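J.: Mind having a look at this structure? Questions to follow.
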Amino acid sequence: MEARDQMNNHMVKKLLVAMLLVLGVIAIHFSQGAWAADETSLTEQKNENFQVDRSDPGFRGNQGEMNEAAYREFKRADDKLNAIYAQIFVKYKNNKLFLDKLTSAEIAWIKFRDAHLESIYPEKDTTMHYGSVYPMVYYIGKANLTWDRVKQLNQWLIDYPEGTLGLGSRGQINADTAKSSEKTDPNGPMLVQFGSNVASFVPNGWKLIKQASGDLNEDGLDDIAGVIEYDAPYRRGLEEAPPRILFIALKEKNGYRLSIQKNKFILKADEGGVWGDPFHSISVDRGSCLITFYGGSNYRWAYDLRFRYQNEGWYLIGFTAENWYTGTGNGEKEDYNLLTGVEIISTVEKNAIVHEEAVNRGKKVINLKDISEPFDVVKK
């Protein structure tokens, strides 16, 4: 009896928590109603396809087929959620405060969604208590909640008319703190044109944070690629991270000659979301310079950029972009060979590639001088 009472109390607590969360969401919804009048039509227009689609033939089959169709529908909603979340991180990359708050909200929302469904179907033996329809109703319910969240997140991707009231962070691509970067780091110092070693290219007040060496111009000599950072105290979450500079120097008989200096290209320590510093590595690989970034939170992203020295310049010849949700291992990977023009787009489920598609985007090597930041490559 005591065990049953404890179980019932536990169920009641879960139900109360879910109800309070729902009431909170409703309260927020109505409190925003007066401010959202100008944006209603825009939101409805953008959200028209964000809902459960019962056109899957499985919904007209037997119960097992309907269960599978319901899971596919949830998967479709979950994939869209991941994609929109990644789009927001790219669009609002300069508004760290908003992204930190959004990440916390997303973690809380996932907990709410799961707790809400557990409160509807609290029994452990779901088959015995809810029958063979349980997988179908569970995943349809989960899909509905997920589509609702997609609609909410999509508000940050809408282009609102100027003067729309009550938008808050929606449309605020740059945080106020981002404006200070122009004052603290207008262009960065000019590096020396020739040096005896890697330390020669590190100005006073700066520090070398990563370096790599290897033959980058096929002359049999080891060249150097490095990243320096302004040497200043930095308190994460309270201050803007110091700027960074990428440089590559080619070996000559008596030292190294600067081949390229690229300011503001390497992501700073505060541009990786909850994960932290997104700058993962720089290396010399197969005669090219490979730079890797990695960041996010529950929703992760990673970029690999491969540059090669040719025609007296540095050109992007390979680009890999990945995004996935750590809770499911589901995501997408794009691998673009700019020398051949072929891009391989892979669908990933549970950390395994389940589908690949080759697309010919055309040969399009990009000069590093024409790339302001890694995210620009996605747009080109």
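J.: Quick one: 3J(HN,Hα) in Hz for the stretch 222-232, Karplus 6.51/-1.76/1.60 with θ = phi - 60°, rounded, Gly and Pro as x.
T.: 7, 8, 10, 10, x, 10, 10, 9, 4, 8, 9
J.: Is there a pair in 91/251; 75/369; 96/369; 91/142; 262/350 whose C-alpha atoms are over 29 Å apart, and which pairs would that be?
T.: On the way: 91/251 39 Å; 75/369 40 Å; 96/369 26 Å; 91/142 27 Å; 262/350 38 Å.
Violating the 29 Å Cα-Cα cut-off are 91/251; 75/369; 262/350.
J.: Kindly provide the trypsin sites (Lys or Arg not before Pro) of the stretch 200-235 that DSSP labels as loop, not H, G, I, E or B, and whose Cβ sees at most 11 other Cβ atoms within 10 Å. Walk me through the intermediate numbers first.
T.: Details: sites: 207, 210, 235; in loops: 235.
Passing sites in the stretch 200-235 are 235.
J.: From a point 7 Å beyond the Cα of residue 283 in the direction of its Cβ, which residues of the stretch 295-332 have a backbone N at a distance under 17 Å?
T.: 295, 302-308, 318-322
J.: Under the 0.36 nm per residue contour assumption, what length would be gained going from the current alpha-carbon distance of residue 337 and residue 372 to full extension?
T.: Extra length from residue 337 to residue 372 when fully extended: 10.6 nm.
J.: Would you list 216, 338 from fewest to most Cβ contacts within 10 Å?
T.: Numbers: 216 25, 338 22.
Ordered from fewest to most neighbouring Cβ atoms within 10 Å, 216, 338 come out as 338, 216.
J.: I need to check one value: relative contact order of the stretch 176-379, counting alpha carbon pairs closer than 8 Å and at least 6 residues apart, in percent.
T.: On the way: 461 pairs, mean separation 25.4, N = 204.
That works out to 12 percent.
J.: Once you have the Cα-Cα distance between residue 311 and residue 235, take 0.36 nm times their residue separation minus that, and quote the gain in nm to one decimal.
T.: Numbers: separation 76, 0.36 × 76 = 27.36 nm, distance 4.22 nm.
Using 0.36 nm per residue and subtracting the Cα-Cα distance, I get 23.1 nm.
J.: With r defined as the distance between the Cβ atoms of residue 97 and residue 257 and R0 fixed at 45 Å, what FRET efficiency is calculated, to the nearest 0.05?
T.: On the way: r = 42 Å, r/R0 = 0.93.
Result of the calculation: an efficiency of 0.60.
J.: Here's another thing I want to ask about it. Which residues' amide hydrogens lie under 5 Å from the amide hydrogen of residue 194, considering only partners 5 or more residues apart or on another chain, with H built in the peptide plane?
T.: Residues meeting the criterion, in which the H sits 1.01 Å from N, are 258.
J.: Using a 10 Å cut-off around each Cβ, can you sort 118, 271 from fewest to most neighbouring Cβ atoms? Mind showing how you got there, number by number?
T.: Numbers: 118 15, 271 22.
Exposure proxy ranking, most exposed first: 118, 271.
J.: Add +1 for every Lys or Arg and -1 for every Asp or Glu among the other residues with Cβ under 13 Å from the Cβ of residue 246, and state the total.
T.: Details: positive: 210, 244, 262, 264, 268, 369; negative: 229, 373.
In short, +4.
J.: Would you pull out the residues with amide H under 5 Å of residue 241's amide H, same chain only if 5 or more places away, H placed 1.01 Å from N?
T.: Under 5 Å from the amide H of residue 241: 270.
J.: How high is the FRET efficiency between residue 134 and residue 105 when r is their beta carbon distance and R₀ equals 41 Å, given to the nearest 0.05? Write out the running numbers ahead of the final one.
T.: Working: r = 29 Å, r/R0 = 0.72.
Taking R0 as 41 Å, the efficiency between residue 134 and residue 105 is 0.90.
J.: Tell me the label-point distance for the pair residue 118, residue 157, using the 7 Å Cα-to-Cβ offset, in nm and rounded to one decimal.
T.: About 3.0 nm, to one decimal.
J.: Right, here's the next one. Taking a label point 7 Å from the Cα of residue 275 along the Cα→Cβ vector, which residues of the stretch 297-327 have an amide N closer than 15 Å to it?
T.: Only 297-305, 320-327 pass the distance filter.
Just so you know, all these numbers are worked out from the coordinates, no wet-lab data involved. As the structure is a prediction and not an experimental result, all values here were calculated from the model. Using ideal geometry, Cβ is built from the backbone for each residue, glycine included, and neighbour counts are taken over all protein chains shown.
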